[in-house]
Amino acid sequence: MKEITFAQPLFLYLLLLLPVMIAFYIFKQHNASASLRMPGLQPFEKAGTTFRNYLRHILFASRVVAVMILIIVVARPQSTDRFQDVSTEGIDIVLALDISGSMLARDFKPDRLEASKNVATEFISGRPYDRMGLVVFSGESFTQCPLTTDHAVLINLLREIQSGMIEDGTAIGMGLANAISRIKDSEARSKVIILLTDGVNNRGEIAPATAAEIAKTFGIRVYTIGVGTMGNAPYPVQTPFGTQFRNMPVEIDEAILKEIAQNTGGRYFRATDNNKLVQVYGEIDKLEKSIIDVRQFTRKEEEYLIPAILACCLIVLEILVRNSLFRNLT
């Protein structure tokens, strides 16, 4: 996108002369009077002000516009194109997000799942040069978005996630294994998985510890996040009268999450509320920084030619009209 700058911006102060020109013109018109002695005004009672008499002010307006444009021309307007050459040793990151029914618990606002989606969106937006992907899991797992640099698409797919999209349960091992399959062949300098869950592994054919060993084999760091308050939390429960929320103990398999992180060179975090979850993603963001080399190029082009031609045309037009159509009025 082009932006307009001025090579000699101090000349723009000359624009302050325009109000002086206008004030002087108004003063001159107010004090201009023709003295013609007549024995009576009866012959001129029906002679009103003609339309041409009003149009004569266009000549002055044209002159003001021409002077304004000439001042801008003297200031030398330039259009500037800016280019960036970005070279980066990027980091490939896959988010593995638990979408089981317990993620609807209300110890986070509005609930665990929506809070996780909102914070993950901010995390994605803050890393524009990294490839990122999204895996979701519950009783089973699937890829919501493969690794991509199109973060707008990734964020839209993240927002579409809802609990109940797949069979309920908590297959942590399957979610981690699916994320590994999406990132293992990456040639990035660093390969990272961020696994977020609020429960205990109770489904799936792959044990979380086994998935962690696979991640270690491929040099993938796994950061694990346990989501849930300490003690009890209001969980959604299906009843004959619809969904109701009941306080139930928060059970997170922190031992296995710590083991996964430790075996793969990552870290385990516990998020007990919205603010803590934001801090967790902020900490991970600091730990995984991309090496970025940005070179900026600027190209400027003079843009005074067209305004100069326009100002000359206005001046010539004023001279022609003043000496033809308004010759008897000026």
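Considered as a group, the residues in the range 165-198 that are in contact with a helix residue (DSSP H, G or I) (Cβ under 7 Å, 6 or more places away or on another chain) and part of a loop (DSSP other than H, G, I, E, B) include one that is farthest from ALA261 (Cα to Cα), and that residue is ASP168. For the range 118-170, filtered to residues that are surrounded by fewer than 18 Cβ atoms within 10 Å (Cβ to Cβ) and among the β-branched types (Val, Ile, Thr), the residue that is nearest to LYS276 (Cα to Cα) is THR121. When residues in the range 237-270 are screened for being surrounded by 11 or more Cβ atoms within 10 Å (Cβ to Cβ), of a type outside the set (Asp, Glu) and out of contact with any strand residue (DSSP E or B) (no Cβ under 9 Å at 6 or more places or on another chain), 0 of them pass.
If you filter the range 1-18 down to residues that are at pLDDT 85 or above and exposed (fewer than 10 other Cβ atoms within 10 Å of the Cβ), you find that the one that is nearest to THR80 (Cα to Cα) is LEU10. For residues in the range 222-236 being in contact (Cβ under 8 Å) with a residue 60 or more places away in the chain and at negative phi, which is surrounded by the most Cβ atoms within 10 Å (Cβ to Cβ)? Selected residue: VAL227. Considering only residues of the range 171-197 that are among the polar types (S, T, N, Q) and more than 18 Å from LYS117 (Cβ to Cβ), which is surrounded by the most Cβ atoms within 10 Å (Cβ to Cβ)? This residue is ASN178. Candidates in the range 118-136 are the residues that are touching a strand residue (DSSP E or B) at 6+ places or on another chain (Cβ under 8 Å) and without any contact (Cβ under 8 Å) to a residue 60 or more places away in the chain; of these, the one that is farthest from THR197 (Cα to Cα) is ARG131. Looking at the range 72-162, the strands (runs of 3 or more DSSP E) lying wholly inside it that each contain 2 or more residues that are polar (S, T, N, Q) sit at 77-89, 141-148. Taken together, the residues in the range 214-268 that are under 30 Å from SER181 (Cβ atoms), small (Gly, Ala, Ser) and assigned to a strand (DSSP E or B) amount to 1.
Does VAL280 fit the bill of being in a helix (DSSP H, G or I) and either among the hydrophobic types (A, V, I, L, M, F, W, C) or out of contact with any strand residue (DSSP E or B) (no Cβ under 6 Å at 6 or more places or on another chain) (or both)?
Here the answer is yes, as VAL280 does meet what is asked.
Taking the residues in the range 183-195 that are modelled with pLDDT of 95 or more and out of contact with any Lys or Arg (no Cβ under 9 Å at 6 or more places or on another chain) as candidates, determine which candidate is farthest from GLN238 (Cα to Cα). My answer is ILE194.
The values are calculated or read from the model by the stated rules, or taken from the named source; none is laboratory data. Quick caveat, the model's predicted, so the values are computed rather than measured. Here the Cβ is made from the backbone with ideal geometry for all residues, glycine too, and neighbour counts use every protein chain on show.
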